[in-house]
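S.K.: I have a structure here, written as structure tokens, and I will follow up with some questions on it.
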């Protein structure tokens, strides 16, 4: 498989965790977002959205959108199950993942922040207020969901799922954007648990071949 991503991308981070939990190898190609690699005709031919990540499978299928890629991996390969078999738990895990992937993450996307800065002429204080509002509100909702399962080591049980795969990169983003989430006890406990899991630790941006400070 050929995986096209970027070390700092939350969506690519999710996929790296999934690869690691599944024990899968892949060929990596860095798509440098700040240099505009995602806007080239070559990458647009793979993903017309011009967003990372993208996955080119061994038989040449071109896949994009991290949640779809992760579900494809789960349906294609054995190993750790990322989407629960139980239909009720599966719906809860998917819903939690979508809270992050559909409601929180898009509002911190590079193109959104660039639009705020460049097109709307917002200064850094305004951009930071935007991030604090939407990441803070979104993660508070995640905390409230997780408080319903206080006994679980991970988001929804004793094994990591798609929910944890989405949560960890979002916590990393909150830290990167200096959004205070120190009061979110369940999120912080789960994040700590995940960081003790090699599959998550090895997926961290600083561990990637294209990492830069």
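S.K.: In whole Å, how far is the Cα centre of the stretch 135-213 from that of the stretch 19-64?
M.R.: Distance between centres, Cα-based: 24 Å.
S.K.: Another question about this same structure. If you count, for each residue, the other Cβ atoms within 10 Å and average over each peptide, how do 200-209, 6-15 line up from highest to lowest?
M.R.: Numbers: 200-209: 15.7, 6-15: 24.5.
Those peptides, ordered most packed to least, come out 6-15, 200-209.
S.K.: Let me ask something else. Divide, for the stretch 2-80, the radius of gyration over alpha carbons by 2.2 N^0.38 Å, where N is the residue count. Show your work: numbers first, answer last.
M.R.: Working: Rg = 12.0 Å, N = 79, 2.2 N^0.38 = 11.6 Å.
Taking N as the residue count of the stretch 2-80, the ratio is 1.03.
S.K.: Using only the C-alpha atoms of the chain, find the volume of their convex hull and express it per residue in Å³.
M.R.: Numbers: hull volume 26.0 nm³, N = 213.
Taking only Cα atoms, the chain has a hull volume of 122 Å³ per residue.
S.K.: Counting pairs of alpha carbon atoms under 8 Å apart in space and at least six apart in sequence, what relative contact order in percent does the stretch 87-200 give?
M.R.: On the way: 89 pairs, mean separation 34.9, N = 114.
Normalised by residue count, the contact order of the stretch 87-200 is 31 percent.
S.K.: With no solvent and one equal point scatterer placed on each C-alpha of the stretch 83-137, evaluate the Debye formula and give log10 I(q)/I(0) for q = 0.17, 0.25 Å⁻¹, two decimals.
M.R.: -0.60, -0.92
S.K.: Normalised by the residues of the stretch 2-80, what does the relative contact order come to in percent, with Cα pairs under 8 Å and at least six apart? Spell out each step's value before the answer.
M.R.: Values: 101 pairs, mean separation 29.0, N = 79.
Normalised by residue count, the contact order of the stretch 2-80 is 37 percent.
S.K.: So for the stretch 87-200, what percent of the C-alpha to C-alpha distances run longer than 18 Å? Write out the running numbers ahead of the final one.
M.R.: Values: 3180 of 6441 pairs.
Value for the stretch 87-200 (Cα pairs over 18 Å): 49 percent.
S.K.: I would also like to ask the following. Contact order normalised by length for the chain, with contacts defined as Cα pairs under 8 Å and 6 or more residues apart; what percent is it?
M.R.: Numbers: 258 pairs, mean separation 52.7, N = 213.
Normalised by residue count, the contact order of the chain is 25 percent.
S.K.: Using only alpha carbons, build the gyration tensor for the stretch 43-125 and give me the equivalent ellipsoid semi-axes, biggest first, whole Å.
M.R.: Working: eigenvalues 185, 81, 11 Å².
Whole-Å semi-axes of the equivalent ellipsoid: 30, 20, 7.
S.K.: How much length is gained on full extension from residue 126 to residue 202, taking 0.36 nm per residue of separation minus their Cα-Cα distance? Show your work: numbers first, answer last.
M.R.: Details: separation 76, 0.36 × 76 = 27.36 nm, distance 3.39 nm.
Net length gain for the segment: 24.0 nm.
Read the figures in this text as sums done on the coordinates, not as results from a lab. Keep in mind that what you see is a predicted model, and the values were worked out from it rather than measured. Reconstructed Cβ throughout: ideal geometry from the backbone, glycine too, with neighbour counts over all protein chains shown.
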